[in-house]
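The values are calculated or read from the model by the stated rules, or taken from the named source; none is laboratory data. In this text, all values refer to a predicted model and were calculated from it rather than measured experimentally. Don't worry about glycine lacking a Cβ; one is built from the backbone with ideal geometry, like all the others, and counts go over all protein chains shown. Heads up: the accessible areas ignore ligands, DNA and RNA and are worked out on the full protein's heavy atoms, side chains in. Shrake-Rupley method; radii C 1.70, N 1.55, O 1.52, S 1.80 Å.
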Amino acid sequence: MVETQKYSPVDFNEIKLEEETIRKLHFQFLPAYALYLLEYKLANLSEDQVELFSEFKPPVLSFFHNFKREELMRIGQQGIEKMLSSISQNKTAGYIENSLMEWLNNQLPQISRNQIEVEDITLISLIRRRLFGKYISSYTTDMDSAVQILNEVDDFTTIAETISIKYLLSIQQDLIEQTQKLAKIGSWVWDLKKNILTWSKELYRIYELENVNIAELDLASFNHPDDAAMVREKMEISRYLKIPHDFFYRIILRDGRTKTLHAKGQIISNAGGEVEIMFGTLQDFTEQKRVENQLEENQHFIQKISDLTPSLITVYNIRTGEYLFINQALELLLGYDRETALKKGVSFFMEIIHPEDLDRILNENEAALNEANQAVTDKRENIKEFRYRMRHKNQEYRWFSTYGSVFERDDENQVVKVINISFDISDQVKTNILLEEKNREVRNQEEMYFRMINEVEDYAILRLSREGIIENWNNGAKKIKGYNADEIIGKHFRIFYSMEDQENHLPEFLIQKAKEQGKALHEGWRVRKDRTKFWGSILITALHDERGQVVGFSKVTRDLTQMKISEEKLLRYTENIEKSNRELEEKNKQLESFNYIASHDLQEPIRKIKTFISRLREDESLALNAQTAISKIEKACIRMQDLVNGLLLYCQADHQDYKEIISLNSLLLDVISEFNEQTELKEILIEKADLPSLNINKLQFRQVFYNIISNSIKYKKENVPLRLDIHYCLENSYHVISFQDNGIGFDQAYADKIFGLFLRLHDNSTYAGTGLGLAICKKIVEIHGGKITASGSLGNGARIELNLPVE
């Protein structure tokens with residue numbers, strides 16, 4: 001292979017921004033925000049940047065398609081860290097200069113200088129805006145500061161974008177010039193009489209041949225098959241018509257690669273007009289052709305990118321008033337056809353600028369032009385910003401921010417052309433207005449909030465310094481703790497704690513816990529100004545600045561003394577309940593013992609007495625007075641057995657928990673049938689309503705119905721037939737069954753007592769009974785979750801009402 005040469009890249013030994021640009025890049029608010037992002041959000045920004053690159057897909061991303069996400073984040077984090085570090089130290093200008101040096105001198109990692117495109121610059125600028133804007137709300141709640149930071153972010157990204165685009169255009173221009181200088185031309189001479197072909201060394205390098213004799217080569221075999229016939233024709237025409245030739249053709253090298261050559265030649269004839277010599281040059285035009293194709297593609301691509309960018313880009317000749325370039329964003333942002341604007345020139349924009357802004361913009365533009373013409377430059381042009389309104393085609397005025405810079409100067413260093421990049425900032429202006437309104441609203445809310453806190457009396461709300469010093473005082477604090485604001489502000493909050501808590505460093509412990517964990521909760525006895533104590537519930541919360549550093553604490557105290565006293569009373573009450581439960585359990589055990597005794601031990605003597613009475617009655621020799629005594633003993637024995645059976649039934653009610661769906665109609669009719677003898681003699685009349693079927697214990701409710709009906713019969717009026725009306729209704733989720741009779745009734749004052757054990761309103765000589773019937777009914781109804789009540793009056797009958805829950 002012959003020696004090859006490489007392109008020499010443009011050498012940028014030093015890049016220095018204009019002083020005015022450097023001054024603009026010296027920010028007031030952005031450095032602190034950059035430091036915050038560097039310290040707390042670096043990993044998040046790296047993740048966000050990968051996501052935004054995936055979303056916007058700048059062309060440069062295609063060169064990283066084989067990289068894993070972790071590698072992309074590592075590379076991205078290095079770049080973000082370098083950028084934030086420079087901005088945080090207010091070395092933004094140096095960062096831009098160094099970045100340009102690395103790019104322009106082809107020192108970028110992974111990619112070459114020429115792989116950067118206009119769309120990359122524009123989209124990277126947009127991504128940076130997104131990254132800076134995402135965490136502004138977590139950094140500060142001050143709307144003014146947020147707006148200032150975002151404005152400085154716009155300045156930084158716009159300046160960097162404008163300068164980068166300018167240098168990119170310069171690189172592309174230098175590339176074209178370098179390509180032209182690198183063209184290689186070899187010469188040849190063909191002696192037709194001797195048939196000797198002579199090549200210069202350059203031709204050997206073009207054909208990439210070494211140590212060969214061209215006489216032994218078939219040079220025509222190198223010609224591209226598609227061009228071979230054309231080459232023969234051109235050469236024959238030149239030889240036989242004795243005219244120069246000038247054409248392009250392709251050759252195929254031995255390794256299969258193709259080159260494009262530019263052939264130029266002449267002929268030399270003898271005195272007789274016979275052609276003796278042909279000579280000429282062959283220029284390796286492969287690279288030029290490639291560059292030409294690339295330039296065409298680049299121009300098309302630049303046009304396409306400029307049309308797609310959300311920025312309005314124009315190049316303007318200030319001497320002719322003509323616009324040399326306007327991208328498609330004019331139609332996108334303002335609705336106008338760019339061909340119309342190109343045709344009208346500067347007058348077009350003069351017509352659509354807001355009348356209130358026009359004079360100011362003309363003056364600012366003239367001042368910037370005068371300054372630029374007086375400046376001494378070495379390709380470091382200053383950038384000026386202009387803000388004004390332009391009228392959309394729909395007649396709506398929109399705000400624009402335009403960054404302008406010198407694009408071209410003449411030999412006398414005077415400005416000839418300028419480049420402007422304009423951004424529609426209408427939304428930003430509206431946002432600024434809204435932010436200002438929100439800021440006022442927040443200030444009003446803060447004022448109301450502080451007033452509200454001050455007026456709260458149920459809570460002591462304080463602000464403490466990092467060391468625990470009291471910094472404010474509200475009415476609730478005064479009410480709970482007893483101090484006036486001037487007596488307590490400036491003192492340590494340990495004053496509210498007992499000597500024991502102070503010696504145990506409880507206040508300091510709570511402060512440290514809130515600092516480490518964000519908050520600290522505690523309840524305990526606290527000390528008022530008058531040295532009395534109250535039970536306080538305390539919440540201490542750490543307060544942080546925008547960098548996450550603890551700057552103080554809020555402390556909220558609630559007086560829970562009465563609640564504490566109530567809790568202690570409840571505890572004592574609970575202990576009493578538990579004690580009563582234990583006593584009740586003991587009584588239940590005793591009751592079970594009684595059940596056994598009642599069912600066995602007490603029944604046995606009664607049975608023996610009844611047996612002896614039966615034997616005595618068989619003795620006919622007993623006197624009449626003895627027979628009378630035996631009858632009294634028998635009645636007493638029967639009453640004793642009834643009492644024992646009643647008590648046994650009452651005590652066993654709790655243990656019969658078997659339930660089933662029973663028709664109360666059928667059950668009641670079955671009970672009524674036991675009183676058929678009285679009903680047939682018309683001593684009683686029973687009227688009943690239709691009763692439902694319920695989930696009950698059948699035996700127990702049979703006992704309830706029997707006891708109530710027999711009770712009505714027992715207490716009927718003398719010589720007056722008994723009328724018993726049984727009613728049913730559904731009321732408030734309860735089945736209500738009532739028994740109303742016309743008997744002797746009772747005094748309502750005894751309505752609750754008649755359900756007690758052994759409690760009777762009449763003596764046994766008038767109305768026999770044990771005093772257990774209604775007590776058994778009450779217990780059975782309550783076991784079923786219901787309740788039983790009685791009402792009546794003397795001489796007007798009685799009413800027994802059952803209330804059973806609906807299941």
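Brief remarks follow.
- Computed about the Cα centre, the dipole magnitude for segment 57-113 is approximately 140 debye when only Lys and Arg (+1) and Asp and Glu (-1) carry charge, each at its Cβ.
- Kirkwood-based Rg to Rh ratio, segment 64-181, C-alpha trace: 1.02
- With a Förster radius of 22 Å applied to the C-beta separation of Q549 and N44, the computed FRET efficiency comes to 0.70.
- Long-range amide H partners of N472 with built H, under 5 Å: R463
- P(r) histogram, all alpha-carbon pairs of segment 355-397 included - 5 Å bins from 0, percent: 5, 19, 21, 18, 14, 11, 7, 4, 1
- Rough spin-label spacing in nm, given labels placed 7 Å along Cα→Cβ, for I196 and R239: 1.8
- Two-decimal Rg/Rh across segment 223-276, once Rg and the Kirkwood Rh are taken from alpha-carbon atoms: 1.10
- Efficiency of FRET between K519 and S791 - r from beta-carbon atoms, R0 56 angstrom, step 0.05: 0.40
- Fully extending the segment from Q328 to E487, taken as 0.36 nm per residue of separation minus the present Cα-Cα distance, adds 50.1 nm.
- Computed from backbone phi with θ = phi - 60° and the Karplus coefficients 6.51, -1.76 and 1.60, the 3J(HN,Hα) list for segment 347-355 is 4, 4, 6, 4, 6, 9, 6, 4, x Hz; x is used for glycine and proline.
- Using R0 = 25 Å, the C-beta based FRET efficiency linking R572 and D752 works out to 0.25.
- Selected from L369, T431, L324, residue furthest toward positive end of dipole (segment 319-453; charges at beta carbon): T431
- Among I470, A485, N504 - extreme Cα towards positive end, dipole of segment 405-539, charges at beta-carbon: N504
- Residue (of N106, S138, A93) at the positive-pole extreme of segment 35-155, dipole from beta-carbon charges: N106
- Diffusion coefficient of segment 186-293 by Stokes-Einstein, Kirkwood radius over Cα pairs, 20 °C, 1.002 mPa s: 146 µm²/s.
- Among 314-322, 397-405, the order from most to least packed when residues are scored by Cβ within 10 Å on average: 397-405, 314-322
- Qualifying lysines (Cα of each under 28 Å from Cα of K289; at least 8 residues distant if same chain): K6, K166, K181, K184, K201, K234, K259, K264, K304
- The accessible area of L52, taken with all protein chains in place and a 1.4 Å probe, comes to roughly 20 Å².
- Taking amide H as placed 1.01 Å from N in the peptide plane, the amide H of R723 sits under 5 Å from that of L685, N742, each at least 5 places away or on another chain.
- In segment 9-70, GluC sites (Glu not before Pro) in a DSSP loop with at most 12 other beta-carbon atoms within 10 Å: E14
- Unit Cα scatterers, Debye sum, segment 466-580: log10 I(q)/I(0) for q = 0.10, 0.20 Å⁻¹: -0.36, -1.12
- Cross-link table K479/K555; K91/K430; K481/K564, entries beyond 20 Å C-alpha to C-alpha: K91/K430
- Charged side chains reduced to their Cβ positions (Lys and Arg at +1, Asp and Glu at -1) give segment 55-149 a dipole of some 180 debye around its Cα centre.
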